[in-house]
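Asker: Let me give you the structure first, and then I'll get to my questions.
The values are calculated or read from the model by the stated rules, or taken from the named source; none is laboratory data. Owing to the predicted nature of the structure, the values given are computational and were not obtained by experimental measurement. Here the Cβ is made from the backbone with ideal geometry for all residues, glycine too, and neighbour counts use every protein chain on show. The accessibility values were calculated without ligands, DNA or RNA, using every heavy atom of the protein model including side chains. Shrake-Rupley method; radii C 1.70, N 1.55, O 1.52, S 1.80 Å.
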Amino acid sequence: MKLGQKDQVKASSVTMMAYRFCGVPTSDQAHMLSQIAGSCRFLWNRMLADAQARYEAGEKFFLPTPASYKKISGLEWLKGMDSLALANVQLRLNAAFERFFKSASGEGAYAGYPKFKVKHKHTDSYTTNLANKESPNIRLDGDMLKLPKIKEPIKLRMHRKIRPGGILKSVTVTHEPSGKWYFSLAFEYPKEEQSPTKAIDPEAITHIGLDMSLPKLYVDSNGEEADFFKPYRQLEKRIAREQRKLSHMEKGSSNYGKQKQRIAKLHAKAKHQRNDMLHKLSHRLTDQYELISIEDLNMAAIKRGLHFGKSASDNGWGNFVWMLTYKSERRGGHLVKVDRWFPSSKKCSKCGYIHNELTLNDREYECPHCNHLMDRDHQAAVNIDTEGLYIFLRTYCTD
């Protein structure tokens, strides 16, 4: 068996599922977690600096193992840190260099040169892995999480149930700027055998089209808007007020740090409210419809070209599409992306006429050919639904 082939076979027979919970570590536990995260940041910077020094000296590129750094005088303290967390630093830095080299040679997508991690500017985090299934170094007992180098289990706020039958493979610990600790638990499950594909009945399949809308996230082909409010806009005035207070404080002072954390908590509140709404909406859609059609939008261009950066970011459309994608796949459904150049807004859903004179200011679509009158976003969603169903049937139906 060739190198990597065994891993590919294993990956095809298992599936991964991650759960993210807020933790409530004690002061001693939080101190040790901060030390491990700080050691990972230190090792990243040291490895990166050594790699640059070897390059400038004309030596061949390589990254030494964390074990070799533990032997250096003055770095013996690394022995008291989580060895698997340090090993992950080497793996991730090596992967970052590989992406950069491929990008520089034109073989892969653009990737910049790895950067140094600055304390207080980068989020403290680290990842540790399962070392032994028979005697696990990471385990979850109820709502108590055991991690390497942490003497007592850490209490988690379990806001959802974990699917039984999985093996805890890794834990990513994150200390957010708001001061809260989060733990992402990755479980491995045996992949369920797929039942034979049944014949697709175009008349029976449940389907819906979504047109991205900045005011309300989306308008669907049934003419309904998403039950969605912009969380950042709700907190924008409070954030601006707290930022004005921050501007009058001495940078680096104790009060400056406390004020930064107040602002971070407001941003975290907006982020968590947004993610909560997106999860609920994506769950409802993927549970109700077998086929969901959307436009393949270039959100970066929309933010830049149309000056909708703040509104588009507050919608979180990219996150929403990602949620729809994996939840549809998990439930056996399908997500179809219609080409971004498809004239969903300009095409009459009744007669098919392309109204090229339609502008962004026209919120009602009135067809010059058949006088059909319809809300612009609703009609776009209907056209996306129709085109997505056509693409799906053309792809999966042979008759």
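Asker: With axes computed from alpha carbons, what is the tilt in degrees of helix 317-330 against the longest principal axis of the chain, rounded to the nearest 10 within 0 to 90?
Answerer: So the inclination is approximately 90 degrees.
Asker: State whether the stretch 251-327 is rounded, prolate or oblate according to the following rule on the C-alpha gyration tensor (a ≥ b ≥ c being the square roots of its eigenvalues): a/c under 1.5 gives rounded; otherwise a/b larger than b/c gives prolate, and the remaining case gives oblate.
Answerer: Details: a/c = 4.24, a/b = 1.77, b/c = 2.39.
Oblate, since a/c reaches 1.5 and b/c is not below a/b.
Asker: Angle between the Cα long axis of helix 231-247 and the longest principal axis of the chain, 0 to 90 degrees, nearest 10?
Answerer: That works out to roughly 40 degrees.
Asker: Still on this structure: Would you mind putting 319-331, 289-301 in packing order, based on average other-beta-carbon counts within 10 Å, highest first?
Answerer: Top of the packing list down: 289-301, 319-331.
Asker: To the nearest 10 degrees, how steep is helix 27-56 against the longest Cα principal axis of the chain, on a 0 to 90 scale?
Answerer: Taking Cα atoms only, the helix is inclined about 90 degrees.
Asker: How high is the relative contact order of the stretch 31-108, given as a whole-number percent (alpha carbon pairs under 8 Å, six or more residues apart)?
Answerer: Numbers: 43 pairs, mean separation 26.8, N = 78.
That works out to 34 percent.
Asker: Would you mind classifying the stretch 283-361 by shape? Square roots of the alpha carbon gyration tensor eigenvalues, ordered a ≥ b ≥ c; an a/c under 1.5 is rounded, otherwise it is prolate if a/b is larger than b/c and oblate if not.
Answerer: Numbers: a/c = 2.71, a/b = 1.28, b/c = 2.12.
Cα axes put the stretch 283-361 in the oblate bin.
Asker: Could you size up the charge dipole of the chain around its Cα centre, putting +1 on the beta carbon of Lys and Arg and -1 on that of Asp and Glu, and report it in debye to the nearest 20? Show your work: numbers first, answer last.
Answerer: Working: 64 positive and 45 negative charges, 487 e Å.
My answer is approximately 2340 debye.
Asker: Hey, another quick one. What part of the accessible area of the chain, given as a whole %, is carbon or sulfur when the probe is 1.4 angstrom?
Answerer: Values: 12440 of 24140 Å².
So the carbon and sulfur contribution to the accessible surface is 52 percent.
Asker: Which whole-number percentage describes the relative contact order of the stretch 245-399, with Cα contacts under 8 Å and a sequence gap of 6 or more? Can you show the working numbers first?
Answerer: Numbers: 147 pairs, mean separation 32.4, N = 155.
Normalised by residue count, the contact order of the stretch 245-399 is 21 percent.
Asker: In addition: May I ask you to order 205-218, 241-254, 40-53 by the average number of other C-beta atoms within 10 Å around their residues, highest value first? Mind showing how you got there, number by number?
Answerer: On the way: 205-218: 19.8, 241-254: 11.1, 40-53: 17.7.
Those peptides, ordered most packed to least, come out 205-218, 40-53, 241-254.
Asker: Accessible area per residue, 1.4 Å probe, Å², for the chain: what's the number? Don't skip to the end; give the middle numbers.
Answerer: Values: 24140 Å² over 399 residues.
Per residue, the chain has an accessible area of 61 Å².
Asker: Enumerate the amide H contacts of Lys347 below 5 Å, restricted to partners 5 or more residues apart or on another chain; note that Pro and chain-start residues carry no placed amide H.
Answerer: His355
Asker: Using only alpha carbon pairs under 8 Å that are at least six residues apart, calculate the relative contact order of the stretch 123-256 and give it in whole percent.
Answerer: Numbers: 131 pairs, mean separation 19.1, N = 134.
Reported relative contact order: 14 percent.
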